[in-house]
Amino acid sequence: MAAAVATLLLRATGRALLGRAAPLPRAERGISDCGGARWAPARPGLPVPLSSPLAGLSRPIRIKEPPKRKPVDRWTKKRALFGVYDNVGILGGFQIHPKNLIMGPTWLRGWRGNELQRCIRKKQMVGDRMFVEDYHKLNKRIRFLYKRFNRTGKHR
């Protein structure tokens, strides 16, 4: 009860400060730049800030602070080793390609693709040397991904 009386008193004081000649603008629903609707005064150039209860808005406007800057680690492994093989062609007389320096499974060296393409490539390259259970799981995964890729996605 006391809070409501204080609010009314505050608004009355604000109206007295603004003067009777300039009536308070009515709050109307306007469309903002970000696509959402918000409550804003019909007349620009209010002498009081919009967040003030003196502005006469039907409900308060939420004012967001800009996001805080995140600290960036400049020495992650990915950033530290970026471009590390760029000089191989120059210093090695172009005898070796940088993709041959990549360590990892043979079916993935210097190759890019989605999961289905990767599984098919693995089956083609090392399928004859795989254990029976692993080979069976790989075939199941290929069947599942084949159905999924044909039913959904941009590659249909």
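Since every read-out is calculated from the coordinates, none of them should be taken as a lab result. Bear in mind the structure is a predicted one, so any value in this text is a computation, not a measurement. Here the Cβ positions follow ideal geometry from the backbone for every residue, glycine too, while neighbour counts run over all protein chains shown.
Tabulated data
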| quantity | calculated |
| --- | --- |
| Protection-proxy order for peptides 139-145, 69-75, 124-130, 80-86, each taking the mean of Cβ atoms within 10 Å per residue, highest first | 139-145, 124-130, 80-86, 69-75 |
| Pairs beyond 29 Å (Cα-Cα), from K122/K147; K122/K154; K78/K137 | K78/K137 |
| Under 23 Å from K77, Cα to Cα: lysines that are on another chain or at least 8 residues apart | K99 |
| Computed lengthening from D86 to W111, 0.36 nm per intervening residue step minus Cα-Cα distance | 7.2 nm |
